[in-house]
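Derivation of every value follows stated rules applied to the coordinates shown; laboratory data play no part. Note that this is a predicted model, so its numbers are computed, not measured. Here the Cβ is made from the backbone with ideal geometry for all residues, glycine too, and neighbour counts use every protein chain on show.
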Amino acid sequence: MVKTFYLMRHGQTRFNVQGRIQGACDSPLTEEGIEQAKAARRYFEQEGISFTRVYSSTQERACDTAELATGRVDYIRLKGIKEMDFGAYEAHQEYLNPPVHHEDGSGYRDFFVSYGGESTAQVYERMERTIREVLEASKEDETLLFVSHGGAIMQFYLHATKNPPIPKKRPANCAIFKITYDGKEMCVQSIYNPSTQEYIFERD
């Protein structure tokens, strides 16, 4: 029994443009962010993808993206798929971020815990737990969409999916991850950037 679901990043926000750290805090979608979400909707329509249920992070930028990308307002908000909390670093310039640990995909590790934020392990563990619980309660023929955030999605696919992908480019705002779940393991099948209309990863 294999289930398929989609995990999507929110559209561009004001803080994205300003280069500010945006985790637990929020800022609105820009006009470009709105267009990115609309491009995602066109992709879903062209591919004949309709969703049984839509889930969104509790943050406004994700909720607005979910509405624009699906045309629905009956989405379900989940705190478990919100962005990483950067504590006292929230809303400050991104150049203040510490170096990322690329060698093992562990990101910022527990750096932000000392400043009232989360560790990367806490983020991917809650992401996996939340998504897995929803999948376990869903039927095989249902198609689900989860709208989340760049950092949380990256930690999720690096640590909670089998053979994590190495995309050709960085997943952009509104990047769409197609993922399968066989009841035990999750596996990313493709990553699509709707703003440039290209797949940046497709599993052979």
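Summary table below
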item	result
Within the chain, helix-based [θ] at 222 nm, where runs of 4 or more DSSP H residues each add -39,500 (n - 2.57), nearest 500	-9500 deg cm²/dmol
Links that overshoot a 25 Å alpha carbon limit, given the list K139/K178; K3/K79; K38/K162; K79/K169	K38/K162; K79/K169
Ranked R53, R132, criterion: other C-beta atoms within 10 Å, fewest first	R132, R53
Long-range amide H partners of M186 with built H, under 5 Å	K162
Estimated distance in nm for a label pair at I49 and S138, the labels positioned 7 Å out from Cα along Cα-to-Cβ	1.1 nm
Protection proxy ranking of 30-41, 5-16, 183-194 - average other beta-carbon atoms within 10 Å, highest first	5-16, 30-41, 183-194
Fewest-first ranking of L158, L78, using other Cβ atoms within 10 Å as the exposure measure	L158, L78
Y43, Y181 arranged by Cβ crowding within 10 Å, fewest neighbours leading	Y43, Y181
